[in-house]
Amino acid sequence: MSDREIIILQRDCMAYMVPSGARIMLHEGTEVTITQSMGDSFTVNVYGNLARIEGQDADALNKEPPNPLADLPDDATLEDKVWALLRQVYDPEIPVSVVELGLIYICDIKETEVGQSEINIDMTLTAPGCGMGPVMAEDIKRVLLPLPEVVNADVNFVFEPPWDRSMMSETAKLELGML
């Protein structure tokens, strides 16, 4: 979403300050401006500060949370579902998914028993001290754990090799005007 939309919050909801990741309560009646609505979260400007509201609180913004699996075929594999969901996790400061940014280094899906799997993800950050790293890790778990075949999801931060712009997909570079 590129248009800025002014919204009056319909109810209290939790948000994360960007870039620190500190949790704050936004109260019903607060005026916010949506600056980004991609994946299953919303970045809003509130009193001159950026905050990230999770998709599960979309109703506070009078919005519907998206269904990232709606476009997948009925016979989609677990791997297809996992990658579709990972593409819905966005860096709150950059309007690009963690997948397109090249932050996901490894996505290992291991079947623990028939129909049950664990997912282990190694990811990095655009900057090692990014306060939103733990928030993005929780976003990943939050989108993956509702899958009925997923019993556990772990996200590990790694910083080797260090992230740089060459790891971004062509799509990300195009979205950010780097091509």
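How high is the FRET efficiency from Gln116 to Asp59, r the C-beta distance, R0 22 Å, rounded to 0.05? So the FRET efficiency works out to roughly 0.10.
Take the Cβ atoms of Glu28 and Leu147, set R0 to 25 Å, and the FRET efficiency comes out at 0.20. For segment 146-173 versus segment 1-46, the inter-centroid distance based on Cα atoms is 24 Å. Let me know the shape class of segment 5-61, please: from the alpha-carbon gyration tensor, a ≥ b ≥ c as square roots of the eigenvalues, rounded when a/c is under 1.5, otherwise prolate if a/b is greater than b/c, or oblate. Cα axes put segment 5-61 in the rounded bin. The aspartates and glutamates whose alpha-carbon is closer than 18 Å to the alpha-carbon of Lys110, local same-chain residues fewer than 8 away aside, are Glu79, Asp80, Glu118, Asp122, Glu149, Asp154.
The Cα atoms of segment 78-175 define a convex hull whose projected area, averaged across directions, is 6.0 nm².
Take every DSSP beta bridge whose two residues both sit in segment 66-179; close to 55 percent of them are antiparallel. The angle separating the long axis of helix 133-144 from the principal Cα axis of greatest extent in the chain is about 70 degrees. For the chain, the relative contact order works out to 17 percent when only alpha carbon pairs closer than 8 Å and six or more residues apart are counted.
Read-outs: derived from the displayed coordinates by stated rules, not from any lab. Small disclaimer: the values here were computed from a predicted structure and weren't measured. Glycine gets a Cβ as well: all are built from the backbone with ideal geometry, and neighbour counts include every protein chain shown.
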